[in-house]
Amino acid sequence: MAELQKRLQSDIEKYDAFQKDLQKHISQRQQLEGQLTENTLVKEELDRLEKDASVYKMIGPVLVKQNLDESKSNVQKRIDYIADLVKRHEESIKDLEKKQDTCKEGINKLQQQFQQAQVKAAAVK
């Protein structure tokens, strides 16, 4: 019975670790989605500009003039990079959810075994 209790405690700790990792990935994904939305809006604004429009990029406290095509390219690269990061976090979240579900099933089985062992121990007394 003590062995079951140790295994159960170990599995519960694993489950908690999966839960923490899952929350971390969800939080990071939400932050990235915010950045993706922001950059998409910037891209839409850049697409509305005429070819000869002036575009400035803030570097520290200074505004530096930048080529419109270069700005569009940089923003698109950033969007692609962030979208790739979001996709990776999505995959990690799915993987962690599967691991968490498997762990939860194991915990449920161990809890049932532990309860059965307690009933048997009580019946012997």
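Per atom type, the chain shows carbon and sulfur on 50% of its accessible surface, probed at 1.4 Å. Projecting the Cα atoms of Ser71, Gln35, Ile59 onto the dipole axis of the chain, where Lys and Arg carry +1 and Asp and Glu carry -1 at the beta carbon, places Gln35 farthest toward the positive end.
Look at the dipole of segment 78-125 built from charges on Cβ: of Val119, Leu85, Thr102, the Cα furthest out on the positive end belongs to Val119. Taking the Cα centre of the chain as origin and assigning +1 to Lys and Arg Cβ atoms and -1 to Asp and Glu Cβ atoms, the resulting dipole is close to 700 debye. So what's the angle, to the nearest 10 degrees on a 0 to 90 scale, between helix 68-124 and the longest Cα principal axis of the chain? On a 0 to 90 degree scale, this one is about 10.
Surface analysis of segment 28-96 yields an accessible area of 73 Å² per residue, using protein heavy atoms and a 1.4 Å probe. Remark: relative contact order (the chain) = 43 percent; criterion is Cα-Cα distance under 8 angstrom and separation of 6 or more residues.
Here the Karplus relation 6.51 cos²θ - 1.76 cosθ + 1.60, evaluated at θ = phi - 60°, turns the backbone of segment 36-42 into coupling constants of 5, 4, 4, 5, 5, 5, 4 Hz, with x for every Gly and Pro.
If only the Cβ of Lys and Arg carry +1 and only the Cβ of Asp and Glu carry -1, the dipole of segment 16-86 around its Cα centre is close to 180 debye.
The amide H of Gln66, built 1.01 Å from its N in the peptide plane, has Val55, Tyr56, Lys57 as neighbours under 5 Å, considering only residues 5 or more places off or on other chains.
The values are calculated or read from the model by the stated rules, or taken from the named source; none is laboratory data. Computed from a predicted structure; not experimentally measured. Cβ sites come from the backbone with ideal geometry, for glycine too, and all protein chains shown count toward neighbours. Accessible surface areas use protein heavy atoms only, side chains included; no ligands, DNA or RNA. Shrake-Rupley method; radii C 1.70, N 1.55, O 1.52, S 1.80 Å.
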